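**Q** Sharing a structure, written as structure tokens. Questions coming.
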Amino acid sequence: MISTDLALALRDAGLVWHPASGDRFQLDEPEFEADVFTVSEMTIEPRSYPTGTILAFNGTTEWALDSVALEDALWLPREDQLRELLRGAFRSLHRLADTHVVEIALRRDQGSAEELHRFEHPQPEDAYALAVLALLARIA
């Protein structure tokens, strides 16, 4: 699972979350720091209102919560979601001894040759997250 620090960095870099079933998240509350929740139609579902999106806790999933605003939740994207965010820039994921390496190809400007960029981390999700951060920085 992606580290909380990298999930925060992705959010701070402008990554927008549109909650879907199966998505994992944490709450920005100290008492829930170690808890990871999963969006599910039966237990935690996103509800959109004109004032914003909330995550509604149905039934007895977490007795202390009825709902939380989306901005109070931290998305923990999965490996497949991070790879999808890289889209056409993604070239490969491979393992070297104790680390995973994600390679993406970026161009300095239109018409220039592709440059390969490598992002290493012991966890594959975090290697993907580092690559997504680089892509977001390039877009900004």
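**Q** Just checking, how many residues over segment 81-102 are part of a strand (DSSP E or B) and surrounded by fewer than 18 Cβ atoms within 10 Å (Cβ to Cβ)?
**A** The number of residues fulfilling the criteria is 8.
**Q** Hey, another quick one. Can you name the condition, by its number, that TYR49 falls short on among (1) surrounded by fewer than 11 Cβ atoms within 10 Å (Cβ to Cβ); (2) under 17 Å from the mean Cα position of the chain (by Cα)?
**A** (2)
**Q** Right, something else. Take segment 1-24 and flag every residue that is surrounded by fewer than 13 Cβ atoms within 10 Å (Cβ to Cβ) and touching a residue at least 60 places away in the same chain (Cβ under 8 Å).
**A** If the condition is that a residue be surrounded by fewer than 13 Cβ atoms within 10 Å (Cβ to Cβ) and touching a residue at least 60 places away in the same chain (Cβ under 8 Å), then GLY14 is the only one that fits.
**Q** Is it the case, given these coordinates, that LEU133 is of a type outside the set (S, T, N, Q), within 14 Å of the chain's Cα centre (by Cα) and over 18 Å from GLY22 (Cα atoms)? Write out each step before concluding.
**A** Values: of a type outside the set (S, T, N, Q): yes; within 14 Å of the chain's Cα centre (by Cα): yes; over 18 Å from GLY22 (Cα atoms): yes.
It is true that LEU133 is of a type outside the set (S, T, N, Q), within 14 Å of the chain's Cα centre (by Cα) and over 18 Å from GLY22 (Cα atoms).
**Q** Does segment 25-42 include one or more residues that are loosely packed, with under 12 Cβ neighbours inside 10 Å and at positive phi? Steps first, answer last, please.
**A** Pass one, segment 25-42, residues loosely packed, with under 12 Cβ neighbours inside 10 Å: 30-31, 33-35, 41-42.
Now drop any that are not at positive phi, which leaves none.
Checked segment 25-42: no residue is loosely packed, with under 12 Cβ neighbours inside 10 Å and at positive phi.
**Q** Filter segment 49-72 down to residues that are of a type outside the set (Ser, Thr, Tyr) and closer than 15 Å to SER21 by Cα and give me whichever is modelled with the lowest pLDDT.
**A** ASN58
**Q** Out of contact with any strand residue (DSSP E or B) (no Cβ under 7 Å at 6 or more places or on another chain) and not charged (D, E, K, R): is that true of ILE139 in this structure?
**A** Working: out of contact with any strand residue (DSSP E or B) (no Cβ under 7 Å at 6 or more places or on another chain): yes; not charged (D, E, K, R): yes.
Considered against the rule, which asks whether it is out of contact with any strand residue (DSSP E or B) (no Cβ under 7 Å at 6 or more places or on another chain) and not charged (D, E, K, R), ILE139 comes out as yes.
**Q** Moving on to the next point. Checking ASP35 against (1) touching a residue at least 40 places away in the same chain (Cβ under 8 Å); (2) closer than 24 Å to LEU82 by Cα, which test does it fail?
**A** So ASP35 meets the others, but not (1).
**Q** Looking at ARG118, is it closer than 19 Å to LEU6 by Cβ, over 15 Å from the mean Cα position of the chain (by Cα) and surrounded by 13 or more Cβ atoms within 10 Å (Cβ to Cβ)?
**A** Judged against the criteria, ARG118 is a match.
**Q** Now, a different point. Only one of these is in contact (Cβ under 8 Å) with a residue 12 or more places away in the chain, assigned to a strand (DSSP E or B) and acidic (Asp, Glu): GLU120, GLU125. Name it.
**A** Values: GLU125 fails: assigned to a strand (DSSP E or B).
From the options GLU120, GLU125, the qualifying one is GLU120.
**Q** Still on this model: Is it the case, given these coordinates, that LEU93 is over 30 Å from GLU31 (Cβ atoms), in contact (Cβ under 8 Å) with a residue 24 or more places away in the chain and over 17 Å from the mean Cα position of the chain (by Cα)?
**A** The answer is yes for LEU93.
**Q** Go through segment 64-80 and give me each residue that's touching a residue at least 24 places away in the same chain (Cβ under 8 Å) and either surrounded by 18 or more Cβ atoms within 10 Å (Cβ to Cβ) or assigned to a strand (DSSP E or B) (or both).
**A** VAL68, LEU70, ALA73, LEU74, TRP75, LEU76, PRO77, GLU79, listed by residue number.
The values are calculated or read from the model by the stated rules, or taken from the named source; none is laboratory data. Model, not experiment: these values are computed from the prediction. Positions of Cβ are generated from backbone atoms using ideal geometry, with glycine treated the same way; all protein chains shown enter the neighbour counts.
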